[in-house]
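Following: one structure in structure tokens, then a few remarks.
The values are calculated or read from the model by the stated rules, or taken from the named source; none is laboratory data. These numbers come from a predicted model, not from an experiment. Ideal geometry is used to build each Cβ from the backbone, glycine not excepted, and the neighbour counts take in all protein chains shown. For the accessible areas, the whole protein counts, side chains as well, though only heavy atoms, and no ligand, DNA or RNA atoms are used. Shrake-Rupley method; radii C 1.70, N 1.55, O 1.52, S 1.80 Å.
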Amino acid sequence: MRKVLAVATAATVLSGLLTACSDPARNSGLGPADPSSPAGGTAAPSGTTGTAGETGAAGRIAWGPCTDVRGPNGQVPAKPDATLRCGSLRVPLDYAKPGGETLDIAMIRIPATDQARRIGSLVFNFGGPGASGVDTMAQAAKAFSSLNTRYDLVSFDPRGVERSSGVRCDGEHVMDRYTSMNTIAVTQADWDRQERIIKDFATACQRTSGKVLPYVGTVNAARDMDRMREALGEPKLNYFGISYGTQLGAVYATQFPRNVGRFVLDAPLDPSVSTSRRTVVQSAGFQHAYEDFLKDCVKGPGRCDIGADRTIANKNVEKFMGDVEDKPLKVGPRELTQGLANTGVAAALYSKLTWPLLEQGLNMAFNDDGRLLLNLADNYNGRLPDGSYTTLMSSFPAISCADTAERPDLAQLKRTQQEALKVSPLFGSAGMGLICSSWPVKGSNEARKVNAAGSAPIVVIGGTGDPATPYEWAPKLTEQLGTGVLVTYKGEGHGAYISGDQCVKKVTDKYLIEGEVPAKGTTCAAS
């Protein structure tokens with residue numbers, strides 16, 4: 001199973017270290033209600049469920065200080081950032097039973113710095129599915145400072161994530177076993193071993209979080225976003241979605257086309273593709289990024305620590321992966337398995353800025369020091385310094401498997417792996433179909449159907465060097481939306497806006513702030 005290729009999240013790029021969140025059973029960190037908040041009222045602690053009619057009026061947010069937001073190091077700062085406001089919004093657990101049980105969606109807001117010219121709220125989803133928008137917004141706000149002059153920046157933990165009744169699967173032992181699993185099954189014994197590990201993991205998720213598993217899909221998350229729009233007092237939803245956030249935005253626009261304001265979908269997914277096809281395309285995307293990394297590494301004589309040329313460097317990587325599959329590398333009391341090493345490599349391919357870390361980490365690992373690769377993998381997997389985990393790697397399969405009715409059999413999984421390995425010997429695998437086949441809750445294909453007819457223009461930004469959401473998905477999503485306008489970024493990395501490219505930033509800011517829709521065929525060459 002290749003978890004890294006399946007997780008299309010920009011959060012690791014935005015924050016550097018994807019380490020954040022509190023136990024969902026803890027209080028959400030709300031202090032006294034913010035008297036300046038346009039939406040007052042009382043909200044229940046995040047991550048709780050209740051019954052409609054209990055304390056906490058639906059459609060109202062109580063804003064207060066953020067006391068449990070974690071920094072890139074996974075720690076809560078001793079002194080909370082006074083510019084951040086946190087709250088929660090009560091929504092139905094099951095929208096088919098609006099008067100039944102509820103859950104609370106944790107939210108964060110950074111008020112616009114130019115209140116006299118404030119446009120309204122701009123809601124973000126940074127990807128995953130499963131990334132904490134609360135923690136990522138706090139860590140990545142500077143990347144969106146130009147937008148923050150005119151907008152309140154708002155994000156949230158979607159249902160099933162972190163403080164919003166986050167999906168948990170027992171404890172560290174289960175998660176360690178799952179995340180360290182090797183990625184490729186060769187023999188039937190390998191397939192059997194993977195199946196046992198995944199079934200144990202899925203059973204643990206059902207045991208710990210079975211109550212919310214049927215309700216964590218993207219369709220319900222889109223409904224939650226419309227409740228947020230109302231609670232924020234916005235007639236239209238202004239939205240910035242990255243990676244999986246593009247699918248969430250597209251589903252919202254499909255359900256509520258008349259409520260679409262200014263929408264940007266950056267690093268887009270193609271919701272219509274099958275699980276198998278997504279695995280193959282993403283394997284090819286990561287392979288392309290890996291080859292670009294090797295090319296960059298050896299562009300000067302003696303400059304690359306992992307090989308004199310691309311062929312030698314690649315052979316060294318392949319040999320290391322084979323060695324560590326047979327004999328994991330000791331890193332203190334832990335082991336760097338092939339699965340964790342592969343995760344570390346893929347994590348560093350999300351941004352060109354982290355290519356030097358990848359070169360260093362591989363060179364260290366070649367010399368029996370796996371600390372940096374393990375650290376990269378831990379950051380990606382949401383493993384905190386104390387050994388506990390965020391809900392990223394448990395929320396991700398819960399949402400992903402809820403969003404597809406596909407439950408492939410072993411023969412189908414083997415065909416997917418074979419096809420993926422043809423395009424990438426390093427990153428090919430059976431993909432997410434393996435875990436969805438063992439998932440305890442049925443899925444639905446509703447989130448794969450996109451048509452935003454009747455909405456305002458939606459800007460779709462695709463990067464030609466994006467490993468996790470390959471460029472071919474950008475024109476496809478644009479076409480499916482019907483109201484999409486495609487912008488092409490000819491550069492590396494997952495997420496065009498966060499790459500820092502000035503052309504992309506200018507085009508995006510002009511649209512979101514001034515309402516200027518990009519011209520058809522707009523292209524930004526990497527700066």
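Computed values, structure above
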item: Single residue of the range 193-213 satisfying the filter (farther than 17 Å from T391 by Cβ and of a type in the set (D, E, K, R)) that is surrounded by the fewest Cβ atoms within 10 Å (Cβ to Cβ); result: R196
item: Criterion (modelled with pLDDT of 95 or more, more than 23 Å from the chain's Cα centre (by Cα), crowded, with 21+ Cβ neighbours inside 10 Å and more than 24 Å from V441 (Cα to Cα)) met by exactly one of A185, A231; result: A231
item: Residues satisfying the stated conditions in the range 361-395, i.e. open to solvent by 20 Å² or more (accessible area, probe 1.4 Å), aliphatic (A, V, I, L, M) and farther than 30 Å from A313 by Cα; result: none
item: Top-ranked residue of the range 49-83 - restricted to ones that are surrounded by 21 or more Cβ atoms within 10 Å (Cβ to Cβ) and under 29 Å from G387 (Cα atoms), ranked as modelled with the lowest pLDDT; result: G74
item: Top-ranked residue of the range 328-359 - restricted to ones that are closer than 24 Å to G285 by Cα and in contact with an Asp or Glu (Cβ under 7 Å, 6 or more places away or on another chain), ranked as surrounded by the most Cβ atoms within 10 Å (Cβ to Cβ); result: Q338
item: Matching residues, the range 287-316, being open to solvent by less than 30 Å² (accessible area, probe 1.4 Å) and within 27 Å of the chain's Cα centre (by Cα); result: Q287, A289, Y290, F293, L294
item: Per-region count, the range 77-99, residues touching a residue at least 12 places away in the same chain (Cβ under 8 Å) and over 19 Å from M228 (Cα atoms); result: 4
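Every residue, every condition in (1) closer than 30 Å to V251 by Cβ; (2) touching a residue at least 40 places away in the same chain (Cβ under 8 Å); (3) not in a loop (DSSP other than H, G, I, E, B), yes or no:
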| residue | (1), (2), (3) |
| --- | --- |
| R278 | yes, yes, yes |
| H288 | yes, yes, yes |
| D292 | no, yes, yes |
| G300 | no, no, no |
| C304 | no, yes, no |
| T311 | no, no, yes |
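Results for (1) open to solvent by 10 Å² or more (accessible area, probe 1.4 Å); (2) more than 21 Å from S394 (Cα to Cα); (3) touching a Phe, Trp or Tyr at 6+ places or on another chain (Cβ under 8 Å); (4) at pLDDT 95 or above, shown as yes or no for each residue.
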| site | (1), (2), (3), (4) |
| --- | --- |
| A430 | no, no, no, no |
| V441 | yes, no, no, yes |
| E446 | yes, yes, no, yes |
| N451 | yes, yes, no, yes |
| I458 | no, yes, yes, yes |
| G462 | no, yes, yes, yes |
| T488 | yes, yes, yes, yes |
| G500 | yes, yes, no, no |
